[in-house]
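Structure first, commentary second.
Where a number appears in this text, it was derived from the coordinates with a stated rule and is not lab data. Please read these numbers as outputs of a predicted model, since none were measured by experiment. So basically every Cβ, Gly included, is an ideal-geometry build from the backbone, and we count neighbours across all protein chains shown.
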Amino acid sequence: MERVSLKLMLALYFSIITPASQSNESEEVLFKKSLALIKSGNYISAKKSLEALKNSPLHLYSTYKLIQKRPFLISDNYPEIFLARPEDSVFQDRYRKEWLNTLFRRKKFDNFIKIYEAKPIKLTKFQCMYYQSKIRIKSTSIPKDKIINTWTSGKSLPKICDYSFKYLYRNKLISSQQYWDRILKAIDKKNIKLALFVAKKSQNRDIFNAVNTLKQNYRRPERYLRTKSGAADLYTKDILVVLIQRAMARNLERGLNFKKIALVKFDLSQVQIQRLKLKAAVIASLKRSPKAITLLDSIGEDQVNSTIQRLQIQQAIIHKDWDKLTKWTKREPSEEIPSSRWLYWRAYALNQTDYRKEATLVLQRLAERRDYYGFLAADQLSKPYNLANKRISIDRSDYEKIIKDSNLYLANKLFFTGRKLDAKREFLYSLKKLNDSELHAAALLADSWDWAKGVIFAIGKSSNLNDLKLRFPILYEDIINDYLKPKTIYRVRKGDSLWKISKILNLPIKTISKHNELKNNVLMPGQVLKLPASREISYSSQPKFYKVKTGDTLSGIARKFNSSVIFLKRINSIKNSNKIKLGQIIKIRSEQIKRKFRVSQHQVLAIIRAESAFDRFARSPANARGLMQLIPTTARSTAKKHGILYKRKSDLYNAEKNILLGSSYLEDLYNQFDGNFAMAAAGYNAGPHRVSKWQKRYCGDPILWIDTIPITETRRYVRRTLFYSLIYEWQQTGKSKKLNDMLKQIPATRNDKQRICEL
């Protein structure tokens with residue numbers, strides 16, 4: 001009934017609004033009214049209200065919302081008209097996908113093809129829907145080559161693709177070579193099940209027999225390789241190559257011996273030989289074998305890619321083969337490898353091989369850069385860091401013109417009408433179309449919204465990265481300080497009362513009132529209350545014990561000390577939380593948690609900047625959430641260990657809770673690795689168990705150790721957080737430590753203290 005009455009009220013209200021009265025209303029009011037009409041289902045009135053917005057950027061958004069509900073209300077072909085509008089907005093992009101899904105579901109294949117071809121979507125699902133549409137209308141221009149190209153994948157594809165693939169099978173459009181190419185891709189992905197499926201579809205006995213041979217010998221290839229005397233066809237030779245690769249993965253020496261025999265005994269093609277060489281080099285590198293250097297050096301220049309170049313750096317460091325690294329770094333790095341990394345290790349290798357003049361020239365060039373390797377180079381040359389902060393400066397009229405002439409205008413309008421999430425979507429979508437000066441304007445716009453992530457993303461896409469204040473915002477200082485330092489003040493928040501504050505601080509109301517000379521106990525949000533020096537508190541320095549008083553409950557005690565009932569029950573061996581006695585001594589914090597090393601505010605800021613770019617609603621594909629990107633299981637175990645109240649996953653979107661849990665976890669790692677921030681950062685990203693494993697392999701020079709981390713993401717993460725930490729220290733204090741001083745030696749593991757470190 002309420003819904004009906006709302007619809008009627010809105011209908012009556014808008015039916016009496018004339019165009020003249022609409023024109024007198026503000027753009028924002030008209031926009032909100034049109035959205036209210038759409039939400040209430042009064043689409044006819046909503047359509048009329050859009051007329052008043054036709055000269056506003058908000059017209060596109062309102063139209064998007066209307067045609068989501070009623071695509072043909074404005075005109076029979078309005079979805080096409082909307083998608084053809086020149087704005088190129090994120091809402092057109094989203095609607096294109098929504099509308100294509102609708103057309104396909106309704107079997108409107110002609111319309112689907114028309115919309116798709118106007119702006120193809122590079123997603124396998126939509127590509128397959130397009131192929132199927134072309135086949136179903138019996139088009140004379142079915143894109144057979146494109147279907148085969150999509151089909152030739154090493155992984156299983158969405159079910160929607162089956163129709164177009166059946167068309168290929170039915171019409172025998174796939175050649176034996178194309179079947180074999182897909183089988184090799186599947187084998188490379190270790191997807192033997194898919195390889196067998198494709199082999200059966202090929203209806204080629206030689207192909208099927210070859211894949212079946214692979215399946216039978218995949219786990220233990222040695223027996224087959226010992227007995228194999230000849231390989232006549234391409235398929236058998238390719239399977240032989242795969243099984244030699246498998247043998248190398250199981251036992252490098254034995255596998256390399258099989259490779260040597262195969263090169264003499266079988267007439268392998270150049271492609272097969274190169275494939276064997278590449279795989280041998282990769283496997284030897286993963287096994288950290290001294291033979292990796294020779295194998296990497298044997299790869300032809302045309303075969304060297306980013307993977308090989310990364311392994312060349314890593315293996316040269318591990319085996320200290322600076323001559324080879326000098327040779328390898330003569331060539332330019334691939335696009336995926338940061339040029340600073342390439343230059344630094346070239347300089348390092350030149351220094352080690354007594355080409356000191358050339359090394360110094362490379363280091364001088366590198367020391368001008370503002371990044372991890374630039375700082376290392378500056379340290380080696382005893383030069384100051386390049387920390388010149390140059391604020392972005394744009395003339396006001398230029399700024400306004402850039403905003404008005406781009407989709408940032410729509411984003412800004414949406415933001416100030418309360419549609420903040422959609423405003424941010426439009427903003428991020430717009431960045432790909434902007435040049436440097438436009439990106440700087442976008443950064444200033446995001447800054448006016450107090451949206452750090454938008455600022456960071458906009459500047460990060462430009463070539464001018466000199467505004468350090470914008471690139472490295474300092475947010476949540478109070479919350480981080482609450483964790484790191486005992487409180488001497490309390491800032492009143494909305495909803496606070498003296499009674500509530502007294503419970504949080506464990507102080508009598510009279511003491512708080514008297515110490516702050518409060519009149520009538522009146523508080524204002526933002527007001528700063530001073531705390532008595534003898535009663536300073538901190539979440540990380542709580543009292544060890546609490547004596548139960550009249551009226552106390554375990555849940556009340558937990559709330560008072562920002563702890564949890566489960567934690568208090570565990571450390572006090574309490575079986576029934578309803579049975580605590582007057583005068584009973586309750587442990588508040590565990591004696592097991594020791595804090596020899598404390599993280600700094602700039603280290604916490606560096607982690608937040610690297611993890612979420614200060615987006616407290618960030619969520620990763622791995623399910624990490626919030627500012628410090630905590631996985632719920634890690635948050636739960638940290639909360640349990642430290643007695644922090646943590647009820648549900650959504651708590652991780654609370655800035656205070658996330659920083660408290662994230663900082664506690666970071667500090668656990670910092671202490672686990674004896675105050676080594678590089679190791680703690682690696683543990684935060686990849687897990688402490690992996691860092692311990694890497695420490696067992698190699699210890700010694702931290703610069704060398706960081707660049708031997710086998711996971712590319714973690715290696716980059718450690719370098720970034722070290723660099724960010726120095727920038728934040730400089731921002732907060734006006735100076736920063738030297739990176740060389742900050743990097744601590746990687747020690748041998750506690751169980752292996754007699755070991756001589758390799759690095």
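The figures follow:
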read-out: Packing-based exposure ordering (other Cβ within 10 Å, fewest first) of Phe597, Phe31, Phe457; value: Phe597, Phe457, Phe31
read-out: Identified option (computed semi-axes √(5λ) of the Cα gyration tensor in Å; candidates (1) 50, 44, 29; (2) 66, 35, 29; (3) 76, 26, 24); value: (1)
read-out: Under DSSP loop assignment and at most 12 Cβ neighbours within 10 Å, longest GluC sites (Glu not before Pro)-free interval of the chain; value: 1-334
read-out: Ranked Trp499, Trp694, criterion: other C-beta atoms within 10 Å, fewest first; value: Trp499, Trp694
read-out: Sequence-distant residues sharing a close amide H with Leu630 (under 5 Å, placed H); value: Arg625
read-out: The range 25-163 - percent relative contact order, Cα under 8 Å, separation 6 or more; value: 14
read-out: Distance violations [Cα-Cα > 26 Å] among Lys485/Lys544; Lys237/Lys330; Lys424/Lys461; Lys119/Lys453; value: Lys237/Lys330; Lys119/Lys453
read-out: Other-chain or far-sequence residues with amide H under 5 Å of Arg491's (modelled H); value: Leu529
read-out: Rel. contact order, % - alpha carbon contacts under 8 angstrom, at least six apart, the chain; value: 6
read-out: 27 Å Cα-Cα reach of Lys324 towards lysines, excluding residues that sit fewer than 8 places from it in its own chain; value: Lys259, Lys260, Lys277, Lys279, Lys287, Lys291, Lys357, Lys696
read-out: Set Lys144/Lys228; Lys47/Lys494; Lys97/Lys404; Lys560/Lys735 screened for pairs whose C-alpha atoms are more than 30 Å apart; value: Lys144/Lys228; Lys47/Lys494; Lys560/Lys735
read-out: For Arg346, Arg205, order by how many other beta-carbon atoms lie within 10 Å, fewest first; value: Arg205, Arg346
read-out: Potential lengthening between Asn389 and Gln303 on full extension [0.36 nm per residue; Cα-Cα distance subtracted]; value: 26.8 nm
read-out: Tail weight of P(r) past 28 Å, computed on alpha-carbon pairs of the range 552-702, percent; value: 27
